[in-house]
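The values are calculated or read from the model by the stated rules, or taken from the named source; none is laboratory data. These numbers were taken from a predicted model, which means no experiment stands behind them. Cβ: placed from backbone, ideal geometry, glycine included. Neighbour counts: every protein chain shown.
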Ligand code: SF4
């Protein structure tokens, strides 16, 4: 069953935000940032959709979930022995994109992006909290279309991923562009599943100097997949 969450609570710590944006307490920027945060508090609506799904078929390189087939050797391998999965999409919500920022005010745009990231974090922790408390998932791993090296789980499969839910835009205001990017930009999608094995897509990603890297590249794992 699809669960839609549109009233996810969030908090913005102005002092911590100022520090992370390197704004000095005596700077005039503090007031401007506070005004922007007030607007976000007024209109911000982080949201999420997820479902408890079951795998109905597995091929050599394919996995079928709720009748939708995905092709990824890594996904297939990670879901060996797994029957129940939790696809989800979490977003900062598109309301904040409607906040009026003066044209060419790149600083405010940059700040808004940082605030949106905070809203997205609230949305992700709301959903992962539900996985732990409501669905008793325990130790899990996550795979997302498009993360890791290109061939790990090709981003083009976002189309199939979105089809698991139906009208995602109607449910949580997230749309997929023709190049498979999600709008609003602070949105994540993925499948969380129970596992005893530690896995992060970053282990299969050659991208250097990624500020979001969560695990070092795992040459051994990468090579083992090339020889399967
Ligand atoms: S290293 Fe960066 S780009 Fe690569 S999978 Fe991890 S977060 Fe994504």
| message | Looking for something in contact (Cβ under 8 Å) with a residue 24 or more places away in the chain and within 25 Å of the chain's Cα centre (by Cα) - is there at least one such residue anywhere in the stretch 28-36? | response | yes
| Unique residue being more than 16 Å from the ligand (Cβ to nearest atom), surrounded by 19 or more Cβ atoms within 10 Å (Cβ to Cβ) and modelled with pLDDT of 95 or more when the list is 130, 112, 120 | 112
| query | Being more than 15 Å from the ligand (Cβ to nearest atom) and part of a loop (DSSP other than H, G, I, E, B), is that true of even one residue in the stretch 214-227? | reply | yes
| said: Can you find, within the stretch 188-209, the residue that is nearest to residue 75 (Cα to Cα) among those that are within 9 Å of the ligand (Cβ to nearest atom) and buried (at least 19 other Cβ atoms within 10 Å of the Cβ)? | reply: 201
| query | What number of residues in the stretch 163-216 are modelled with pLDDT of 95 or more and within 13 Å of the chain's Cα centre (by Cα)? | reply | 13
| task | Scan the helices (runs of 4 or more DSSP H) fully inside the stretch 19-135 and keep the ones with 1 or more residues being touching a strand residue (DSSP E or B) at 6+ places or on another chain (Cβ under 7 Å) and on the phi < 0 side of the Ramachandran plot. | result | 73-78, 106-133
| query | within 16 Å of the ligand (Cβ to nearest atom), surrounded by fewer than 16 Cβ atoms within 10 Å (Cβ to Cβ) and not in a loop (DSSP other than H, G, I, E, B), is that true of residue 142? | reply | no
